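Undergrad: Before we start, here is the structure in question, set down as structure tokens.
The values are calculated or read from the model by the stated rules, or taken from the named source; none is laboratory data. As the structure is a prediction and not an experimental result, all values here were calculated from the model. Neighbour counts run over all protein chains shown; Cβ positions are idealised from the backbone, glycine included.
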């Protein structure tokens with residue numbers, strides 16, 4: 001076995017082992033995705049924000065690149081036309097880059113779909129019909145119940161004219177001020 005084949009196999013094995021260790025640490029050790037570096041807090045997310053994400057420089061993607069480099073390099077070193085390290089190493093780097101890029105793209109797509117919010121857009125509630133879950137007393141506050149995007153929500157509500165409305169009555173949301181929804185009878 002040539003030295004370059006041995007190096008490729010070490011990259012393949014080391015990268016794969018590193019992936020397994022990271023996966024186990026991420027599963028069994030809480031907070032692995034957050035690191036303290038020299039007293040400063042560093043996020044491993046895509047933008048350093050609190051939202052989840054995948055960056056090309058996360059340990060998991062670096063380990064995937066290393067694994068891909070080892071695998072592509074070893075396979076290329078077995079073929080006569082690409083046996084030379086001057087040919088196999090650059091091609092292995094290109095293959096590993098493509099491999100890591102596919103992983104980053106796939107993980108970003110998965111995170112985008114699984115971390116999307118079901119929170120309603122409050123401004124879009126104006127004009128919809130809701131039901132009073134709790135009646136609104138004169139010049140008081142009650143509670144409306146409405147469904148948006150298949151999700152049931154409740155919110156504090158007042159009448160526009162200050163008059164009382166009984167529980168269960170249908171109302172239309174006319175405006176929102178802060179967390180207060182203003183309604184009028186249908």
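Undergrad: Got a sec? Which of 150, 127 is within 37 Å of the chain's Cα centre (by Cα), touching a residue at least 40 places away in the same chain (Cβ under 8 Å) and surrounded by fewer than 15 Cβ atoms within 10 Å (Cβ to Cβ)?
TA: Among 150, 127, only 127 is within 37 Å of the chain's Cα centre (by Cα), touching a residue at least 40 places away in the same chain (Cβ under 8 Å) and surrounded by fewer than 15 Cβ atoms within 10 Å (Cβ to Cβ).
Undergrad: What is the number of the single condition among (1) out of contact with any helix residue (DSSP H, G or I) (no Cβ under 7 Å at 6 or more places or on another chain); (2) at pLDDT 85 or above that residue 124 does not meet?
TA: (2)
Undergrad: Only one of these conditions is not met by residue 96: (1) in a helix (DSSP H, G or I); (2) exposed (fewer than 15 other Cβ atoms within 10 Å of the Cβ). Which number is it?
TA: So residue 96 meets the others, but not (2).
Undergrad: For region 103-119, state whether one or more residues are at pLDDT below 95, within 30 Å of residue 169 (Cβ to Cβ), surrounded by 15 or more Cβ atoms within 10 Å (Cβ to Cβ) and in contact with a strand residue (DSSP E or B) (Cβ under 9 Å, 6 or more places away or on another chain).
TA: No, region 103-119 contains no residue that is at pLDDT below 95, within 30 Å of residue 169 (Cβ to Cβ), surrounded by 15 or more Cβ atoms within 10 Å (Cβ to Cβ) and in contact with a strand residue (DSSP E or B) (Cβ under 9 Å, 6 or more places away or on another chain).
Undergrad: Within region 1-47, work out how many residues are at pLDDT 60 or above, more than 21 Å from residue 75 (Cβ to Cβ) and either assigned to a strand (DSSP E or B) or in contact with a helix residue (DSSP H, G or I) (Cβ under 6 Å, 6 or more places away or on another chain) (or both).
TA: The qualifying residues number 1.
Undergrad: Give me a count of the residues in region 69-90 that are farther than 14 Å from residue 3 by Cβ and either outside the structural domain of residue 18 (by TED's automatic domain parsing) or more than 32 Å from the chain's Cα centre (by Cα) (or both).
TA: Result for region 69-90: 9.
Undergrad: Across region 130-147, what is the total count of residues that are more than 31 Å from the chain's Cα centre (by Cα) and part of a strand (DSSP E or B)?
TA: 9
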